[in-house]
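Reading through the structure tokens given below for one structure.
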Amino acid sequence: MFTFDGRPVPTDGERSIAAALLAAGVRSWRRSRVDGRPRGVFCGIGVCFDCLVRVNGVPAQRACLVVARPGDVVDSQDEGEEPE
Ligand code: FES
């Protein structure tokens, strides 16, 4: 189990955060900069950066590439946050 915006989400410790969120019925977790449209997975292979989330306090992590580990704290993030 990890949390997404405070909500518990199951994980087997092997799938990506994006895969775990999709399996839990979460389809979007970010908003586009210009018109606030929902964003989630687009390419699924780390190219488009549409799937950015904050993982354990580190912003701009690609949810399609980062493995969802038990105990992780994952949060949606504001558009434009850059990696620290
Ligand atoms: S979905 Fe494209 S980088 Fe993650």
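Things to note:
- Taken along its principal axes, the alpha carbon cloud of the chain reaches lengths of 35, 24, 22 Å, longest axis first.
- Those Cys residues of the chain for which no other cysteine Cβ falls under 4.7 Å: C51, C64
- Taking only protein heavy atoms and a 1.4 Å probe, the accessible area of the stretch 2-75 is 53% carbon and sulfur.
- Looking at the chain, the accessible area is 58 square angstrom per residue; that uses a 1.4 Å probe and ignores ligands, DNA and RNA.
- Within the chain, trypsin sites (Lys or Arg not before Pro) in DSSP loop having at most 13 other beta-carbon neighbours inside 10 Å: R27, R33
- Pairwise label distance in nanometres, C48 with S28, each label 7 Å out on the Cα-Cβ vector: 1.3 nm
- Separation in nanometres of the label points that stand 7 Å from Cα toward Cβ, at D35 and M1: 3.9 nm
- Exposed chymotrypsin sites (Phe, Trp or Tyr not before Pro) absent: longest stretch of the chain, with sites in DSSP loops and at most 15 other Cβ within 10 Å deemed exposed: 1-41
- Neighbourhood charge, 14 Å Cβ-Cβ cut-off, centred on G25 and excluding it, Lys, Arg +1 and Asp, Glu -1: +1
- Karplus 3J(HN,Hα) series, Hz, for the stretch 50-67 with 6.51 cos²θ - 1.76 cosθ + 1.60 (x for Gly, Pro): 6, 9, 4, 9, 9, 10, 6, x, 9, x, 6, 9, 7, 4, 7, 10, 8, 6
The values are calculated or read from the model by the stated rules, or taken from the named source; none is laboratory data. Given the structure is predicted, the values throughout are model-derived calculations rather than measurements. No Cβ is skipped: glycine too gets one built from the backbone with ideal geometry, and neighbour counts run over all protein chains shown. Only protein heavy atoms, including side chains, enter the accessible area calculation; ligands, DNA and RNA are left aside. Shrake-Rupley method; radii C 1.70, N 1.55, O 1.52, S 1.80 Å.
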